[in-house]
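See below for the structure under consideration.
No value in this document is a laboratory result; all are computed from the given coordinates. Given the structure is predicted, the values throughout are model-derived calculations rather than measurements. Cβ sites come from the backbone with ideal geometry, for glycine too, and all protein chains shown count toward neighbours.
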Amino acid sequence: MTLPNEDGVAAWLRYGELPASVRTAANSAAVDTIVVLGDHNGKSPVTVAGQELTDGFRNILGRTVTIVNNLSAASGTTIIIGTLSDYKATGQAVNNDASPFLSHEDGYWLDTTSDKHLVLGSNERAVLYGAFDYLSRLAQGTFSAFTFGSRPSAPIRWINQWDNMDGSIERGYGGKSLFFTDGRIVDNLERVRQYARLMASIGLNGIVINNVNANASLLGEDNLNNGVRRIADIMRPYGVRTGLALNFDAPRTLGGLETSDPLDAGVVKFWEDVTKRVYAAVPDLIGYTIKANSEGQPGPLSYGRTLAEGANMLAKPLEPYGGLVLYRAFVYDHHLSEADPKNDRANAAVDFFTHLDEQFAENVVVQIKFGPIDFQVREPPSPLLARLKKTRAAIEFMVAQEYMGQQSHAVYLAPEWQEILAFDMRVNGQQSLVRDILTTDKGPFTWSTTGYTAVVNVGNDSTWLGHHLAMANLYAYGRLAWRPSDDAKDILEDWIRLTFGVDPTVVSAISSLLMDSWPAYEGHSGNLGVQTLCDILYTHYGPSPASQDGNGWGQWTRADSQGIGMDRSVATGTGNAGQYHPEVATVWEDISKTPDNLLLWFHHVPYTHVLKSGKTVIQHFYDAHYEGAATVQTFPQRWASLKGKVDDARFEHIAFKLAYQAGHAIVWRDSVCRFYQTMSGIEDDQKRVNNHKWRIPLAAPSPNVVLVGYEPVAVRLPEAASDGKAVQTTGETGSVKTTLDVEDGTYDLAVNYFDTLVGRAKYELLLNDKSVGKWEGNLQDRLGHDFSEYLDGHSATRIYFRGVVLKKGDVLTIVGRAGGKEKAPLDYISVLPEGEVD
Ligand code: GCW
């Protein structure tokens, strides 16, 4: 049977039909009616819960279930859904076990042990959470007679979209904004409604809809009243509340004032007026998020005021409405001088915020990125997470894979988040897991308000994030914000069953692939805590180890010919280790105690330093890069095993992306290894670096490579191509010819070329003048990451032609045709015997 094609819009809420083979009496709830308690206007989450349940039963089990409004109208097996108070009003009492959940904001209780199933919530939104949990079990075929209560770890479970008013998305790789276009709010908000539905199903309750690099025109009358109001209205039935990111300078730029000084009476009045107008449009606004004194954004420090004075000024007008200010701790100087060995961007958050701990208003929450720098492939937890005692804090994650392959690479991020959340910060010498610090009733500080935010870049692509597999990250984020002690792999497997069906071979193949993806990405991108070695001065995508140093951004590695790493010790370095509580600080202060995976984060060592693993740092780099890239080479084959078990549309989409990722992992591996081999002058033990037995570099002078209408050209990042050079056409077309010196047999041919933003070149590969295949340099139309204009590690791409029968003396030709300014650039051809990865 062919599976119907899916475009991904329904994501994990597709309610796929439960195959007859896995249906049992226990997992096929034979429900006849749903009683929706209470008096609802059709826009309540309780009403939505009833609709979701009927849709779910129809799609998952092919069962028609009728909605009624009171118990007496119910017949057969019934689900009773409603808030605790509406349930009590029917004269019923709940089981004692339910109380801890139903007395907690957003908590719910499920009971399916009798023919009256209960889905009860402490509030309306919680009823919907309960219904989604019920449906998740039904859809996964794990339904049975059970009682289950759940309550979220924290009240703040939000998303930050970095959407711009013109419809673009900062660090967006999945299409255009669902919220904005041409300076206003889009007319058709259907996708926003579907987004809210996805959010509710994983317990998320708030969304800040615009970029933290905020455009104050969102606060204009028309945008508020005809735009933001509609957005809030459409999300409200899902229990999702709207928030806005503010631009600190709006008093000047929008209000026409001379200053944005937070202590200026006119400025105070400006924000009071704005807040009144905002609440007139959206009475349940969750509040404001603010990025100030950060990366060129103005802020209180620009006016000689403290960060607390700035935050409190915005918090005051919100107070009567119960709104919050999420004040981002991402305050740092991006013109820091690397010449001073004491300078350290990782120190910034603690330096800027801890001394203000007593000064923030009650409704200010400091929003802290999970690590001290910026969503790198590995970071320790931000020290600020354990340094604010009185001031409430929330953590910030990034579902958008800015430094993690930009959704052109499949990288499952939850294992990284889980490590951060499980880290013990040892406040006052006591166990203080990050996830407990972020819980209202646990941990050292027991803040009344705390929780989770994540930068999410969903766009109007039907896949939401640009890659079906990237949605595992969004799903996992919600699940961890709700219950941060959940296991990343368990969460993933729930997501797979919901997204691709319950076939155990599908579940285990996708689960193992995605569980391998973060270690593999770390392997080929940046090891031992050195950070993701992407081009931080340009697209933040492909490899460019050199870009880390010699600029003010402070993502330094301090690599030179002798050694690498940031000395963050107190004794000899920047003192960052000392920002952690003593028991943690002693580990990170001491090279012999620091775990290998964060060694270079905290210490500067020679390349020959021997790790706990017994390898030298440089050999670890080589090995990890080769192993990481080798793992990614297995992804396409592992995925191919699912042909026919996943619908063709999603199968092909993912196959295409994984094939691209495998090629780009090799680009990563080679660039980083070449760079450090050149810098350190130390050879790889296994002599793999720059020693490619099966490759034919096309720019190297060789009697065996004949260029016609092609010429060598330097690439922007020399380590991104063989010998720092590529070839490209001199005019419209050209060809590259090589005669093969191979044993007769079957080979995979890999061609490495460059696919840039500046055009769409065309290529054809010929064997003895017979076409083997054609392709176009048009990935900018097919992948979402930030594209490069240049020949570099972002644009370097590999394409395979597999199973080609070759004989000694065969002639391979590539004919290139320039498209726009892209002059059909090529790096090398690899002629690979079966099983070779090179
Ligand atoms: O990681 C950096 C990004 C910026 C972003 C900034 C932030 C919104 O490169 O694009 O700006 O972080 O978090 O404010």
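Some observations on this one:
- The tail of the calculated P(r) for the stretch 383-537, taken as Cα-Cα distances beyond 19 Å, holds 58 percent of the pairs.
- Nitroxide proxy distance, nm - points 7 Å out along Cα→Cβ at Arg802 and Ala714: 3.9
- Proximal aspartates and glutamates to Lys821, defined as alpha-carbon separation beneath 13 angstrom and excluding residues fewer than eight positions away on the same chain: Glu732, Asp755, Glu789
- Taking label points 7 Å from Cα along the Cα-to-Cβ direction, Lys389 and Ser168 give a separation of 4.6 nm.
- Axis of helix 617-640 versus longest Cα principal axis of the chain: the two differ by about 70°, to the nearest ten degrees.
- Fewest-first ranking of Ser795, Ser28, using other Cβ atoms within 10 Å as the exposure measure: Ser28, Ser795
- The length gained by stretching the chain between Lys821 and Lys593 to full extension, at 0.36 nm per residue less their Cα-Cα distance, is 76.8 nm.
- Treating each Cα of the stretch 695-833 as one equal point scatterer and applying the Debye formula with no solvent, the log10 of I(q)/I(0) at q = 0.13, 0.16 Å⁻¹ comes out as -0.50, -0.76.
- Inverting the pair-averaged 1/r between distinct Cα atoms of the stretch 82-137 gives 11.0 Å as its Kirkwood hydrodynamic radius.
- Maximal additional length on extending the Asn5-Thr354 stretch stands at 120.3 nm, based on 0.36 nm per residue less the C-alpha distance.
- Gyration tensor analysis over the Cα atoms of the stretch 11-150 returns equivalent ellipsoid semi-axes of 22, 16, 15 Å (largest first, whole Å).
- Rg/Rh, computed from the Cα trace of the chain with Rh as the Kirkwood radius, has the value 0.99.
- Peptide ranges 464-470, 809-815 listed from the most packed, as the mean C-beta count within 10 angstrom indicates: 464-470, 809-815
- The gain in end-to-end length when the Arg782 to Asp487 segment is fully stretched comes to 102.9 nm, 0.36 nm per residue minus the alpha carbon separation.
- With Cα atoms, 0 to 90° folded angle of helix 307-318 axis to the chain main axis: 40
- Among the listed pairs Lys342/Lys369; Lys774/Lys808; Lys176/Lys442, those whose Cα-Cα separation exceeds 31 Å are Lys176/Lys442.
- Expected 222 nm ellipticity per residue - DSSP helices of 4 or more, -39500 (n - 2.57), all of the chain, to 500: -8500 deg cm²/dmol
- Cβ-based net charge around Gln418, under 11 Å, with every Lys or Arg adding one and every Asp or Glu removing one: -2
- A Förster radius of 56 Å combined with the Cβ-Cβ distance from Ala89 to Asp222 puts the calculated FRET efficiency at roughly 0.85.
- Placing pseudo-labels 7 Å out from each Cα toward the beta carbon at His692 and Glu190 gives an inter-label distance of 4.7 nm.
- Formal net charge of residues neighbouring Thr730 (Cβ-Cβ distance under 13 Å; K, R +1; D, E -1): 0
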